[in-house]
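Report on the structure given below.
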Amino acid sequence: MRLVNKFPNIPAILPPKGQIPEGYRMMARSWSFLPGRHTETVEIGGKRIKKLLTLDVNIPGDDFARMVNEFPPGSDEANRAFGEWYQCTMKCPLCFNEAMLKNYVLYLSEVFRVLDQAPELGLESIKFLGPGELLEKKELWSVLEYTRRHHIILGIFTKAAVLGNDWLAHKYHGIGSEELLRRILEYHNVNLYVEGRSFDPEWENRFIPIRNREDAAHVNYYEALCIAYERLARAGLNADLMCQRMTVQCNPVTHQNIGGVFEIYKWAVERNMPTYLPPTMVSGKGHAGERSAMEELFVERYINLAVDVYTWAIERGVMTLPQLKEEGVHPYIGTTPCNQLTHGLYIHADGRVWRCPGNDTPDFEVYPDVRTMPLREIWQNSSNYRVNAFNNHCVKDGISLPTKFYSEVWNRVQQHFAG
């Protein structure tokens with residue numbers, strides 16, 4: 001499949017190699033954490049406890065929760081309602097969030113009760129993962145106020161159409177998309193993790209189909225996405241080299257989009273936007289992509305992609321070969337390694353606690369319902385609490401991520417620089 005990326009009009013801002021500031025790295029603010037932070041603790045009840053620095057959180061929306069919760073928890077009816085009434089403009093074919101429910105869906109007040117327990121554990125950031133778009137929910141403003149009041153960095157994954165299309169902005173908030181963006185960016189604790197599987201106008205609209213016919217009549221997704229990127233850059237979200245608040249989410253990387261991904265990475269780095277390149281999740285509808293991710297042809301292409309990215313990143317000066325050797329290869333590729341397992345947990349839409357949103361199989365469930373046990377106890381009893389790695393590899397290892405990925409990529413990068 002040949003993709004032709006047509007990028008948003010955003011000027012490059014990364015300095016030449018010799019002028020990049022010391023300590024610069026591709027790392028969205030408070031997504032990953034620097035080496036050594038796993039040793040930090042807080043004192044509770046006279047005992048030292050490892051900090052819970054981050055949480056991945058689902059906020060379903062109260063109207064949606066109310067509709068789904070009319071049915072018995074975990075029932076076929078509840079799961080069918082969850083899938084049919086899923087509140088999102090887009091209908092992404094590999095959406096990890098459309099996983100099976102076992103409990104009642106969380107209300108916003110229940111999410112806040114969980115988060116109320118987190119400051120004493122040292123929480124610094126949360127990432128909003130769904131279901132659907134937080135930017136399209138009426139709960140957006142309550143979440144923004146809550147996180148600002150509690151000094152929590154809020155990372156929002158978004159397809160960003162509502163930030164580049166007035167039809168959607170008026171539909172969900174009664175204001176234009178520029179005004180919506182202006183109001184959101186008044187909250188300086190916000191990071192935006194923006195869709196970018198492709199910048200090919202035809203294919204991006206195929207990758208991210210619009211769920212509702214009426215919306216589709218008013219929204220060209222690729223155009224709205226590009227407008228959103230340009231507005232975010234003009235607002236300065238990518239301007240601070242040492243505090244990156246805007247990313248390009250080129251995930252999942254599959255056989256469909258891999259041909260254009262290296263070009264996206266280079267374009268984004270030149271504009272100070274960390275770019276994330278993992279394969280498909282093994283959760284929700286992401287399971288449908290597992291088989292193709294393990295095909296030998298894709299495995300080889302994905303390894304070659306990682307080698308190209310690391311080689312270019314080192315030559316460009318955004319990382320070094322000794323740094324890669326020390327930190328290790330990882331499936332985000334070319335950014336700071338993932339340490340979600342070391343520092344955090346994931347709370348699903350129905351209150352189940354998982355080690356990470358990337359794997360919803362039983363072995364990765366930490367606790368059946370966050371509403372029935374204090375967060376501190378869930379954290380201390382979790383497998384994640386005992387992980388103390390800067391690079392904790394990935395919960396997709398051996399499934400959608402080949403086991404030879406780490407060693408093979410490092411060996412090839414090392415050989416490239418050895419001449």
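The values are calculated or read from the model by the stated rules, or taken from the named source; none is laboratory data. Keep in mind that this is a model prediction, so the values were computed, not measured. No Cβ is skipped: glycine too gets one built from the backbone with ideal geometry, and neighbour counts run over all protein chains shown. Ligands, DNA and RNA are excluded from the accessible area calculation, which covers all protein heavy atoms including side chains. Shrake-Rupley method; radii C 1.70, N 1.55, O 1.52, S 1.80 Å.
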Filtering the range 216-241 down to residues that are more than 19 Å from L185 (Cβ to Cβ) and in contact with a Phe, Trp or Tyr (Cβ under 7 Å, 6 or more places away or on another chain) yields H218, V219
### Task
For the range 44-55, indicate whether the set of residues that are of a type in the set (S, T, N, Q) and either open to solvent by 20 Å² or more (accessible area, probe 1.4 Å) or assigned to a loop (DSSP other than H, G, I, E, B) (or both) is non-empty.
no
Within the range 229-239, residues more than 15 Å from T275 (Cβ to Cβ) and either polar (S, T, N, Q) or in contact (Cβ under 8 Å) with a residue 12 or more places away in the chain (or both) come out as E230, R231, A235, A239
Expected output for the range 105-131 (first residue hydroxyl-bearing (S, T, Y), partner surrounded by fewer than 17 Cβ atoms within 10 Å (Cβ to Cβ) and assigned to a loop (DSSP other than H, G, I, E, B), Cβ below 6 Å, 6+ apart or cross-chain) is none
All conditions in (1) modelled with pLDDT of 95 or more; (2) small (G, A, S); (3) out of contact with any helix residue (DSSP H, G or I) (no Cβ under 6 Å at 6 or more places or on another chain) are true of A224 except (3)
Restricted to the range 228-244 and to residues being more than 14 Å from R182 (Cα to Cα) and touching a helix residue (DSSP H, G or I) at 6+ places or on another chain (Cβ under 9 Å), the residue least open to solvent (accessible area, probe 1.4 Å) is N238
Of the conditions (1) open to solvent by less than 20 Å² (accessible area, probe 1.4 Å); (2) modelled with pLDDT under 90; (3) within 28 Å of I314 (Cβ to Cβ), the single one that N359 does not satisfy is (3)
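Any idea which of A349, A313 is more than 25 Å from Q244 (Cα to Cα) and either part of a helix (DSSP H, G or I) or open to solvent by less than 10 Å² (accessible area, probe 1.4 Å) (or both)?
Going through A349, A313 in turn, the sole match is A349.
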Residue count, the range 94-126, condition touching a Phe, Trp or Tyr at 6+ places or on another chain (Cβ under 8 Å), at pLDDT below 95 and open to solvent by 10 Å² or more (accessible area, probe 1.4 Å), comes to 1
Residues of the range 137-158 being open to solvent by 10 Å² or more (accessible area, probe 1.4 Å) and touching a Lys or Arg at 6+ places or on another chain (Cβ under 8 Å), in sequence order, are I153, F157
Scanning the range 72-85 for residues that are open to solvent by less than 60 Å² (accessible area, probe 1.4 Å) and touching a helix residue (DSSP H, G or I) at 6+ places or on another chain (Cβ under 6 Å), the one nearest to K137 (Cα to Cα) turns out to be F82
In the range 352-373, anything charged (D, E, K, R) and not in a loop (DSSP other than H, G, I, E, B) is listed as D363, E365, R371
Quick count over the range 19-38, residues being more than 22 Å from T275 (Cα to Cα) and either free of Cβ contacts under 8 Å to residues at least 40 places away in the same chain or small (G, A, S) (or both), is 1
- Query: If you check W354 against the conditions, is it more than 16 Å from the chain's Cα centre (by Cα) and crowded, with 23+ Cβ neighbours inside 10 Å?
  - Reply: no
Quick count over the range 357-414, residues being closer than 20 Å to R48 by Cα, under 22 Å from the mean Cα position of the chain (by Cα) and among the β-branched types (V, I, T), is 1
If we ask which residues in the range 290-304 are of a type outside the set (S, T, N, Q), open to solvent by 10 Å² or more (accessible area, probe 1.4 Å) and in a helix (DSSP H, G or I), their number turns out to be 7
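Test I175 against the stated conditions and say whether it is more than 14 Å from the chain's Cα centre (by Cα), over 18 Å from R245 (Cβ atoms) and of a type in the set (V, I, T).
Taking the combined requirement at face value, the residue satisfies it.
Can you tell me which residue within the range 159-198, out of those that are among the hydroxyl-bearing types (S, T, Y) and surrounded by fewer than 20 Cβ atoms within 10 Å (Cβ to Cβ), is modelled with the lowest pLDDT? Give the derivation first.
We begin by selecting, within the range 159-198, every residue among the hydroxyl-bearing types (S, T, Y); these are 172, 177, 187, 193, 198.
Those still in the list that are surrounded by fewer than 20 Cβ atoms within 10 Å (Cβ to Cβ) too: 172, 187.
Values: Y172: 95, Y187: 98.
Of everything passing the filter in the range 159-198, Y172 is modelled with the lowest pLDDT.
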